[in-house]
Amino acid sequence: MNTPPAPLSIWARNVSPSPTLAVDAKAKALQAAGEDVCGFAAGEPDFDTPDHIKEACIAALKGGKTKYAPTPGIEPLRQAIVDRYAAEYGLKATPAQAVVSPGGKFNCYLGVLAVCSPGDEVIVPAPYWVSYPEMVKLAGAVPKYVLADDRTGFRLTPAMVEAAITPRTRMLILNSPSNPTGAVYSRAELEAIVAVALKHNLYILSDEMYEHLVYDQAKPTCVATFSKEVEARTITVAGFSKTYAMTGWRIGTTVAPLPIAKAIGELQSQMSSNVTTFAQYGALAALKEKEKTQAAVQKMLVAFDRRRKFLHAELNKIPGVSCLLAEGAFYLFPNISSFGVKDMDFCTRLLEQERVAAVPGSAFGAEGYLRLSYATSDETIAKGVARLAKFCAGLKK
Ligand SMILES: *Cc1c(COP(=O)(O)O)cnc(C)c1O
């Protein structure tokens, strides 16, 4: 009998499963087994979706919005998306430039796929969101990592970008506020980096998923608004998951130059079709019922900010740990390199000995750090950081 040929394609063999989801799954399995785990690994808000959003979705479901919809999104939602960009940033786009996809992750992937061909190089700033390298590879393109560590506040300088550019460079990925570091670039910093991308004729994928989760004096920047030239080469991704606590809904948005938006819609039409039709009506309510939505977001922001400051202060009290006060998202990225332990071992032992779940920096291309999500209860943070301190004291001996 013939044995079948080797089963897996190069795509399947080359993809790495998401390490953040893996740590979270391990922590949840321990929890399910009755263990008292302090989870800092999850990349999602601990809040529930605001009621008015759920109710709009339920009404749509009951009202029979259960059929296929146009692939790039229902018309009122595409209109509301471009209206929002106009109101918040003065970006003037048409609904035809907006695409609604099944999660911001898929918006990013389609953005890469629409622009990059096999062999193209994509500049990926590190520490990076774990999915960028994999999506670039799935497009047959090559990720080029540029590491900005805590000495530059996890922010690239124009010179660092310039040094990574080759004749094959096609795209630059930007992500401010950043997952995993929480770093927020100023508008001036982004303008200087984007000037390098313009000079070398690159496309820009600007992942602005955390635009509304900023603290202190930090402001979100919509890169596409810098100039007409920049707008013509920028794919802007955002979404509902993080701002509105809608991670399970799977709805993200792209606004791009028309030919790219059309290509993204066509790719999506063969890969997934439209986002769940009735879910889109929930997203529409999030944008339309602005006052209710703002009130809900504000409540989350107050809690995130309180936890951010507390966790930051407690981390810096631990001998051997140093942590910048990030101004965005819901992550801190403390440096633990002084312990002389690989961050992967650090995290494994931390979970085994102290039942604290954290993701190692190396999962994001930056050895010697931890990513701690503070999108969890104040009690969990207090208990977890005390356990982390105890663990670190044990390492010091
Ligand atoms: C969470 C996240 C996304 C996308 O989230 P979805 O759940 O797919 O909408 C995109 N980029 C970054 C940096 C993220 O952290």
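The values are calculated or read from the model by the stated rules, or taken from the named source; none is laboratory data. Here the structure is a predicted model, which is why all the values come from computation and not from measurement. Neighbour counts run over all protein chains shown; Cβ positions are idealised from the backbone, glycine included.
A few comments on the model shown:
- Residue list for the stretch 7-47, restricted to those being hydrophobic (A, V, I, L, M, F, W, C) and at pLDDT below 85: Leu21, Ala22, Val23, Ala25, Ala42
- Residue match in the stretch 54-75 (condition: among the β-branched types (Val, Ile, Thr) and either assigned by TED's automatic domain parsing to the domain that holds Val302 or within 16 Å of the ligand (Cβ to nearest atom) (or both)): no
- Scan of the stretch 313-323 for residues that are on the phi < 0 side of the Ramachandran plot and surrounded by fewer than 18 Cβ atoms within 10 Å (Cβ to Cβ), ordered by number: Ala313, Asn316, Lys317, Pro319, Ser322
- Options Leu350, Leu388; residue that is in contact with an Asp or Glu (Cβ under 8 Å, 6 or more places away or on another chain) and either more than 30 Å from Glu134 (Cβ to Cβ) or modelled with pLDDT of 95 or more (or both): Leu388
- Lys309 over 30 Å from Leu388 (Cβ atoms) and surrounded by fewer than 20 Cβ atoms within 10 Å (Cβ to Cβ): no
- Residue check for Gly43: within 30 Å of Leu370 (Cα to Cα), touching a Gly at 6+ places or on another chain (Cβ under 6 Å) and within 16 Å of the ligand (Cβ to nearest atom): no
- Of the numbered criteria (1) surrounded by 15 or more Cβ atoms within 10 Å (Cβ to Cβ); (2) more than 16 Å from the ligand (Cβ to nearest atom), the one Thr94 fails is (1).
- Looking across the stretch 31-43, the residues that are out of contact with any strand residue (DSSP E or B) (no Cβ under 8 Å at 6 or more places or on another chain) and either touching a residue at least 40 places away in the same chain (Cβ under 8 Å) or surrounded by 14 or more Cβ atoms within 10 Å (Cβ to Cβ) (or both) come down to Glu35, Asp36.
- Residue count for the stretch 247-275 satisfying the condition of being in contact with a strand residue (DSSP E or B) (Cβ under 7 Å, 6 or more places away or on another chain) and either surrounded by fewer than 21 Cβ atoms within 10 Å (Cβ to Cβ) or not assigned by TED's automatic domain parsing to the domain that holds Tyr68 (or both): 0.
- Of all residues in the stretch 286-325, those satisfying the criterion of being in a helix (DSSP H, G or I) and of a type in the set (D, E, K, R) are Lys288, Lys290, Glu291, Lys292, Lys299, Asp305, Arg306, Arg307, Arg308, Lys309, Glu314, Lys317.
- Scan of the stretch 52-78 for residues that are in contact with a strand residue (DSSP E or B) (Cβ under 8 Å, 6 or more places away or on another chain) and without any contact (Cβ under 8 Å) to a residue 40 or more places away in the chain, ordered by number: Arg78
- For the stretch 106-126, a tally of residues being within 16 Å of the ligand (Cβ to nearest atom), touching a strand residue (DSSP E or B) at 6+ places or on another chain (Cβ under 9 Å) and not in a strand (DSSP E or B) returns 7.
- Restricted to the stretch 284-299, and to residues there that are among the hydrophobic types (A, V, I, L, M, F, W, C) and over 17 Å from Lys67 (Cβ atoms), the residue that is farthest from the ligand (Cβ to nearest atom) is Ala295.
- Residue that is assigned by TED's automatic domain parsing to the domain that holds Ser241 and among the β-branched types (Val, Ile, Thr), where the choices are Val15, Val37, Val82, Val23: Val82
- Each residue in the stretch 104-141 was checked for being aliphatic (A, V, I, L, M) and surrounded by fewer than 19 Cβ atoms within 10 Å (Cβ to Cβ), and 1 pass.
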